Ligand code: PHE
């Protein structure tokens, strides 16, 4: 019986050692240590033994069982460890793989132009002012020296909402509002960007909605030469140091004198081409000295204070700066157009 037990021990150990999976090992456990296993079988023959031998054999059987379970346990640990290592190896993430690029958005070209202009004018001491897009007839026209029935109102076909309210046709009402808020006292130096609306038929150069940027400076002793110097700085910063400006007499009811500003054509350098319609000059904006009536209506003493104002279309500036040939591109959200203005990746 002793030999048989030792033999079983040896057999079990070699099966444990050769088990290649946890499943196989479990089978070995069941077959050797289970109730129907060979050890139990051997012990059944204990009845035939003498009283002295019986406990010895019992102890030996237990010892054999312990040895086999210990072996199984250590093999189990070994197999479990191997399984974890295999899993780790097979699930390793290759961090050297290049990442999938994330598509980033871009600033709208008009936003870029407005931000560039804001930076430029803030650098010259201006602050940014804003006003409502649904505006009172009073601020859009009357306070700007355009009383009801004034023929010059026809220059800006309007979307009226009621008799009293309309979609603003320009950003000049922000001038009137800002001056009024100051109660006719102290200097004003503002730039107002914003959307404006006119009853125009949309085509390559007209849009019923567009964006204007307005400038206003009011103080004692503001002169036309201040306006000219300011516009010159703006033109050179925006379009390049080699650009010339010229002022032509014009008419706006809210400025006197009024001018229109041209810059020299970049394409032909002034010689004349199709872009500048053979004139060598490109029209950029309207400007002038604030009309005394406008100052007075906002509460400023026009004998003490003078000022200048200018207004330009952001689309026109962007079209000239980036060579865009159709104003409708700004409003049709074509991703192929918009992504051209992405910030380049660093
Ligand atoms: N508001 C004018 C326009 O829309 C532009 C302008 C602004 C002209 C300020 C002179 C001074 O036509």
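Cα axis of helix 224-239 to longest principal axis of the chain: angle in degrees, 0 to 90, nearest 10?
Computed tilt is about 30 degrees.
Which three extents, in angstrom, do the Cα atoms of the range 176-259 have along their principal axes, listed largest first?
43, 36, 23
Kindly express, to the nearest 10 degrees and within the range 0 to 90, the angle between helix 53-90's C-alpha long axis and the longest C-alpha principal axis of the chain.
With rounding to tens, the tilt is 20 degrees.
How would you rank 236-242, 143-149, highest first, on the average number of other Cβ atoms within 10 Å across their residues?
Listed from highest to lowest mean packing, they are 143-149, 236-242.
Over the range 99-194, what portion of Cα pair distances is larger than 19 Å, expressed as a whole percent?
55
What shape does the range 230-292 take by its C-alpha gyration tensor, where a ≥ b ≥ c are the square roots of the eigenvalues and a/c under 1.5 counts as rounded, a/b above b/c as prolate, and the rest as oblate?
oblate
At a 10 angstrom cut-off on C-beta neighbours, averaged per residue, how do the peptides 102-114, 307-319 rank from highest to lowest?
By packing density, highest mean first, the sequence is 307-319, 102-114.
Can you pull the three principal axis extents for the Cα set of the range 120-256, in Å, largest first?
Principal extents (Cα only, largest first): 44, 42, 26 Å.
Of the peptides 160-172, 181-193, how do they stack up when ordered by the mean number of other Cβ atoms within 10 Å, highest first?
160-172, 181-193
Find the Cα radius of gyration of the range 35-76, compare it with 2.2 N^0.38 Å by division, and give the number to two decimals.
1.33
Can you pull a Stokes-Einstein diffusion coefficient for the range 20-134 at 10 °C (1.306 mPa s), Rh from Kirkwood over Cα pairs, as a whole number of µm²/s?
Estimated via Stokes-Einstein, D reaches 71 µm²/s.
By how many degrees, between 0 and 90 and to the nearest 10, does the Cα long axis of helix 22-33 differ from the longest principal axis of the chain?
It works out to around 30 degrees.
Compute the relative contact order of the range 191-346 as a whole-number percentage, counting only Cα pairs closer than 8 Å that sit 6 or more residues apart in sequence.
Contact order relative to length: 25 percent.
Based on the alpha-carbon gyration tensor of the range 264-346 and its eigenvalue square roots a ≥ b ≥ c, which shape applies: rounded if a/c is under 1.5, prolate if not and a/b is larger than b/c, or oblate?
It is oblate, given that a/c is not under 1.5 and a/b is not larger than b/c.
Rg to Rh for the chain: what is it, with Cα atoms only and Rh by Kirkwood?
My calculation puts Rg/Rh at 1.65.
Given contacts defined as C-alpha pairs under 8 Å and at least six residues apart, what's the relative contact order of the range 133-225, whole-number percent? Before the final figure, lay out the partial values.
Details: 141 pairs, mean separation 25.1, N = 93.
RCO, the range 133-225: 27 percent.
Which shape class applies to the range 128-181: rounded if a/c is under 1.5, otherwise prolate when a/b exceeds b/c and oblate if not, where a ≥ b ≥ c are the square roots of the Cα gyration tensor eigenvalues?
Prolate shape, in that a/c is at least 1.5 and a/b is the bigger ratio.
Please compute the modelled spin-label separation between residue 6 and residue 124, points set 7 Å along Cα→Cβ, answer in nm with one decimal.
Those two pseudo-labels are separated by 10.9 nm.
Express in % the proportion of alpha carbon pairs of the range 211-253 at distances exceeding 15 Å.
Roughly 57 percent, rounded to a whole number.
For the range 175-325, what's the radius of gyration and Dmax over Cα atoms, in angstrom?
16.5, 49
For the chain, what's the relative contact order in percent, using C-alpha pairs closer than 8 Å and at least 6 residues apart?
15
Values in this text are rule-based calculations from the coordinates and carry no lab data. All values reported here derive from a predicted model rather than from experimental measurement. Glycine gets a Cβ as well: all are built from the backbone with ideal geometry, and neighbour counts include every protein chain shown.
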